[in-house]
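*Asks:* Starting off with a structure, shown below.
The values are calculated or read from the model by the stated rules, or taken from the named source; none is laboratory data. Here the structure is a predicted model, which means the values were calculated and not measured. Cβ sites come from the backbone with ideal geometry, for glycine too, and all protein chains shown count toward neighbours.
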């Protein structure tokens with residue numbers, strides 16, 4: 001009889017008879033990651049300051065430097081409410097991420113949380129959606145970087161790259177070479193080591209916060225109340241649509257939880273870093289939006305790819321200030337590419353450990369202690385849409401995929417509170433269970449605002465993910481041969 005096969009008369013284990021419902025216990029996830037020490041070749045080198053900078057680096061970029069104009073076009077001056085509405089969605093979900101990140105400090109983030117609470121199939125689909133949040137958004141961010149590179153060149157030397165080599169076919173070009181370059185630079189830095197990447201991200205985060213504060217100081221000198229009238233000319237529908245777009249500006253805060261195996265004190269640092277990042281970024285976004293519209297008016301800001309540079313140029317009547325803003329945007333957006341690519345590689349590493357995707361993604365270089373092959377695969381795959389796609393094509397799809405994973409995280413908090421009350425939690429969601437329930441409601445509300453076309457695209461994406469799990473992941477899952485499944489289908493670390 002083959003090892004691991006049940007003996008005659010032994011009842012089937014429910015976790016194995018229903019593969020999609022297999023779960024990993026939180027203890028097993030932590031044990032597999034190396035506990036709170038070292039694991040799988042990764043080193044704990046990041047402190048709280050570096051983690052906060054990493055979070056800011058992952059969030060502040062294309063959404064505010066490039067996407068602000070699109071959000072203003074939808075909501076008008078009421079874009080400030082759109083940013084606050086998106087922030088409220090993030091805050092409720094951030095509480096959930098903070099609790100789960102403190103309880104299960106591993107690299108898998110939403111994927112690992114879903115594996116512990118909702119089962120293997122759901123976890124796979126969450127990981128599949130995270131490819132939209134981390135992977136596809138890398139492409140979108142790289143496209144935005146290319147736009148500001150041209151703005152910077154124009155400010156410095158009065159020349160821009162030809163459209164043929166600085167934009168994809170959808171934007172009137174042939175290939176977006178700057179987008180490929182920034183992805184390649186980020187991959188090169190990531191494979192050198194986490195310490196180097198964290199230090200670079202910290203420096204860039206401080207710089208871009210300084211640039212945005214300088215922008216606000218300049219723009220507020222030309223502020224006029226009349227530019228905010230009518231405040232909500234597009235009505236509630238405009239505010240909702242604006243909030244769905246504004247949410248793209250917050251994508252990345254959950255990347256903090258992907259550093260769970262490389263933070264010195266993850267149970268303490270992860271919750272603090274998440275909440276600090278959301279608070280700082282919300283205040284910064286509202287100040288930037290209010291000052292920009294107050295200076296020139298909503299019509300002048302909307303539908304301008306490099307709106308912040310335009311505002312400074314007109315307020316100062318010089319191209320120098322706009323050049324400085326463009327430089328800040330180039331740095332800011334490059335740091336987002338770096339941080340988001342980091343998150344994507346760690347998600348893939350966790351899925352590979354579980355056997356749901358090929359094992360090449362879990363290999364860590366003994367020299368650099370980074371997943372080198374994984375990083376270069378991610379860079380090559382997502383350089384393709386960056387080179388040939390338009391920014392508008394992927395923003396809504398990225399947003400709805402991210403919101404779907406956040407729904408799963410809020411649900412996971414409720415499930416694990418009931419199923420694993422003994423789990424060590426250094427942070428607990430306030431006003432439980434109201435907070436995670438509101439998190440789900442707000443996420444679904446913003447998903448509704450993305451429009452039926454995006455929902456259709458997302459449905460096709462989920463079907464493709466389900467087929468991939470059914471024909472590849474389910475059969476190769478490492479839980480299939482695990483001997484320690486309890487009656488609920490949960491695998492324990494003693495297995």
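*Asks:* Would you list the helices (runs of 4 or more DSSP H) that sit entirely within the range 217-307 and hold 1 or more residues that are touching a strand residue (DSSP E or B) at 6+ places or on another chain (Cβ under 8 Å) and crowded, with 19+ Cβ neighbours inside 10 Å?
*Replies:* Numbers: elements: 235-247, 266-296, 298-301.
Counting at least 1 such residues, we get 266-296.
*Asks:* Could you please tell me which pairs satisfy a Cβ distance under 9 Å, a separation of 6+ or placement on different chains, a first residue in the range 453-469 that is at positive phi, and a second residue that is part of a helix (DSSP H, G or I) and at pLDDT 95 or above?
*Replies:* Close Cβ pairs (under 9 Å, with a partner that is part of a helix (DSSP H, G or I) and at pLDDT 95 or above) do not exist here.
*Asks:* Of everything in the range 32-64, what is at pLDDT below 80 and within 21 Å of residue 126 (Cβ to Cβ)? Give them in sequence order.
*Replies:* Correct list: 32, 33, 40, 58.
*Asks:* So, one more: When residues of the range 308-343 are filtered for being more than 23 Å from residue 382 (Cβ to Cβ) and assigned to a helix (DSSP H, G or I), how many remain?
*Replies:* We begin by selecting, within the range 308-343, every residue more than 23 Å from residue 382 (Cβ to Cβ); these are 308-328.
If we keep only those that are assigned to a helix (DSSP H, G or I) too, we end up with 308-316, 319-328.
Residues in the range 308-343 being more than 23 Å from residue 382 (Cβ to Cβ) and assigned to a helix (DSSP H, G or I): 19 in total.
*Asks:* Select from the range 105-128 the residues that are outside any helix (DSSP H, G or I) and in contact with a strand residue (DSSP E or B) (Cβ under 8 Å, 6 or more places away or on another chain) and write down the one among them that is farthest from residue 479 (Cα to Cα). Let's see the steps before the verdict.
*Replies:* To start, the set of residues in the range 105-128 that are outside any helix (DSSP H, G or I) comprises 105-109, 118-119.
Imposing the further condition that a residue be in contact with a strand residue (DSSP E or B) (Cβ under 8 Å, 6 or more places away or on another chain) reduces the set to 105, 107, 118-119.
On the way: 105: 21, 107: 19, 118: 15, 119: 11 Å.
So, considering only residues that are outside any helix (DSSP H, G or I) and in contact with a strand residue (DSSP E or B) (Cβ under 8 Å, 6 or more places away or on another chain), the one farthest from residue 479 (Cα to Cα) is 105.
*Asks:* Need the failing condition index for residue 146 against (1) more than 30 Å from residue 262 (Cα to Cα); (2) in contact (Cβ under 8 Å) with a residue 40 or more places away in the chain; (3) crowded, with 23+ Cβ neighbours inside 10 Å, just the number.
*Replies:* (2)
*Asks:* Related question: Test residue 65 against the stated conditions and say whether it is buried (at least 22 other Cβ atoms within 10 Å of the Cβ), closer than 23 Å to residue 204 by Cα and in contact with a helix residue (DSSP H, G or I) (Cβ under 8 Å, 6 or more places away or on another chain).
*Replies:* yes
*Asks:* Here's a follow-up. In the list 209, 180, which residue meets the criterion of being buried (at least 18 other Cβ atoms within 10 Å of the Cβ), under 21 Å from the mean Cα position of the chain (by Cα), at pLDDT 90 or above and assigned to a helix (DSSP H, G or I)?
*Replies:* Numbers: 209 fails: at pLDDT 90 or above.
Going through 209, 180 in turn, the sole match is 180.
*Asks:* Also, I was wondering about something else. For the range 308-338, name all the residues that are surrounded by fewer than 23 Cβ atoms within 10 Å (Cβ to Cβ) and more than 18 Å from residue 142 (Cα to Cα).
*Replies:* Residues satisfying the conditions are 310, 313, 314, 315, 316, 317, 318, 319, 320, 321, 323, 324.
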